[in-house]
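Chemist: Below is the structure I would like to discuss, written out as structure tokens.
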Amino acid sequence: MAIAGSNGSNGSSGTIRSALGAVIEQIRSAYGPTAQKAAELPDGGFDPAFLERTAPLLEFLWSRYFRVRLLGIENVPPNGAAILVGNHSGGIPYDGALLLHGVHRNHPAHRQVRPLVANFAFRAGWMANIVARIGGVRASRETALPLLAAGELVAVFPEGLRGVGKLYRERYRMARFGRGGFVRLASEAQVPLLPVAIVGAEEIHPVIGKITSLAEPLGLPYIPITPTFPWLGPLGLLPVPTKWTIQIGPPIAPPAAGDSAGNARVAEAVRSGIDGMIADLLVQRRSILFG
């Protein structure tokens, strides 16, 4: 995928407008008499052409807005399946989108990453088609195993909604990983796990509270309250331009299939690996805005 907008001349507002147009087009496609559910199309609706069209927007966020530094890309295999396991945060999941973009952008083989996404994202038409087009699939064994069998990279965020909805005072305190389904998945497919630490995303939307009563009609689990939203209206949804670092750790081998004790041990190893990288990156960071 060519990365438009990666330098001054290509990063024109017209190119970014085209990317926004592609997003709006997918939102509209979910409504009306000819409404389409992209997730029901072949390969879950994944559309590399959509990623091509939206790349200028993601590249702007990557290189100019959040100025992301990516470490450890050499730990992503040149081919074959693996599961990337990351911490989740930010109120709005920019972290997942930029992890996908960064791996494809910086990996020598420009590998695509398929994220496992919570069910709520497929209930709202305005969100579902975009998630499907970027390669997102419902987070389940049935959807993930075929991707891994095909040699794909899969991304999971075991903190789930608890992670993305963390209050600002809880930033960089990792939520529990639930039942460790991602380790059982790696065990069954016998693929390595790659811990991923993302620092910077926890401050982009400082969540100080949540509204749940008005969220359901929008297909959201909650509406975040931040120092700027809803007080400044749509303008309050702009993220703080923090400087990010994403670090991909060395691979961790999966346990043997059916090894319950091994599942727990590997899940803790992955969580500890992420937590350790986060701690190291925070110690090195001198400024939230400038890294």
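The values are calculated or read from the model by the stated rules, or taken from the named source; none is laboratory data. Because the structure is predicted, anything quoted here is derived from the model rather than measured. Virtual Cβ from ideal backbone geometry, glycine too; neighbours counted across all protein chains shown.
Chemist: Is one or more of the residues making up region 54-68 of a type in the set (S, T, Y) and in a loop (DSSP other than H, G, I, E, B)? Give the derivation first.
Modeler: So the first thing to find is which residues in region 54-68 are of a type in the set (S, T, Y), and the list is 54, 63, 65.
Next, only the ones that are in a loop (DSSP other than H, G, I, E, B) stay: none.
Checked against the condition, which is being of a type in the set (S, T, Y) and in a loop (DSSP other than H, G, I, E, B), region 54-68 yields no hits at all.
Chemist: Just for region 221-242: of the residues that are without any contact (Cβ under 8 Å) to a residue 40 or more places away in the chain and outside any loop (DSSP other than H, G, I, E, B), which one is surrounded by the most Cβ atoms within 10 Å (Cβ to Cβ)?
Modeler: Filtering region 221-242 for residues that are without any contact (Cβ under 8 Å) to a residue 40 or more places away in the chain and outside any loop (DSSP other than H, G, I, E, B), the one surrounded by the most Cβ atoms within 10 Å (Cβ to Cβ) comes out as I225.
Chemist: Considering each of L145, L100, L167 in turn, give the residue that is surrounded by 20 or more Cβ atoms within 10 Å (Cβ to Cβ) and aliphatic (A, V, I, L, M). Please lay out each step first, then the result.
Modeler: Numbers: L145 fails: surrounded by 20 or more Cβ atoms within 10 Å (Cβ to Cβ); L167 fails: surrounded by 20 or more Cβ atoms within 10 Å (Cβ to Cβ).
Within the list L145, L100, L167, the selection yields L100.
Chemist: Within the set of pairs 6 or more residues apart or between chains, which connect a residue that is under 23 Å from P251 (Cα atoms) inside region 188-207 to a residue that is hydroxyl-bearing (S, T, Y) and surrounded by fewer than 20 Cβ atoms within 10 Å (Cβ to Cβ) with Cβ atoms less than 9 Å apart?
Modeler: P195/S272; V199/Y172
Chemist: Another question, if that's okay. Hey, could you check region 110-121 for residues that are surrounded by fewer than 21 Cβ atoms within 10 Å (Cβ to Cβ) and assigned to a helix (DSSP H, G or I) and say which is modelled with the lowest pLDDT? Before the answer, list the steps.
Modeler: First, pick out the residues of region 110-121 that are surrounded by fewer than 21 Cβ atoms within 10 Å (Cβ to Cβ): 110-112, 118-120.
Among the residues that remain, those that are also assigned to a helix (DSSP H, G or I) are: 119-120.
Details: N119: 86, F120: 80.
Here the residue is F120.
Chemist: Here's another thing I want to ask about it. Can you tell me which residue among G32, G90 is at pLDDT below 90 and buried (at least 21 other Cβ atoms within 10 Å of the Cβ)? Spell out the reasoning first.
Modeler: Values: G32 fails: buried (at least 21 other Cβ atoms within 10 Å of the Cβ).
Every option except G90 fails the conditions.
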